[in-house]
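Everything on this sheet refers to the single structure shown next.
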Amino acid sequence: MEETTAGFWRLSSLRNNPILTNDLQLIIQMYQPGGGSKVSRIQETLHKLQRSPDGWQLAQNLLSHKEETVRFFGALTFIVKLNTDS
């Protein structure tokens, strides 16, 4: 993965690693209090990930994660995919 100028990681292919550590950290950060100014950038990055061709596989993998917020994001990703891929 390669860091962008905004300090976030570029989304790399999910084919070899369905749940990237940095993506999980972004999901968890987004739901923590005090995210402030970073929230909009985190949301933008995660939205791109949800809409990517690998979003279906990501959503499936997130549903089995131990963190409730990560599972919620997995369910939300399914909704995004259903609304955008149909």
## Note on the structure
Assertion target for Leu76, Leu62, Leu82, ordered by fewest C-beta neighbours within 10 angstrom first, is Leu82, Leu76, Leu62
### Task
DSSP loop (so not H, G, I, E, B), at most 14 other Cβ within 10 Å: list which trypsin sites (Lys or Arg not before Pro) in segment 20-86 pass both filters.
Lys66
### Summary
Listing Ile79, Ile42 by rising number of other beta-carbon atoms within 10 angstrom, fewest first, gives Ile79, Ile42
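Read-outs: derived from the displayed coordinates by stated rules, not from any lab. Only a predicted model underlies this, so the values are computations on that prediction, with no experimental measurement involved. Note: ideal-geometry Cβ built from the backbone for every residue, glycine included; neighbour counts use all protein chains shown.
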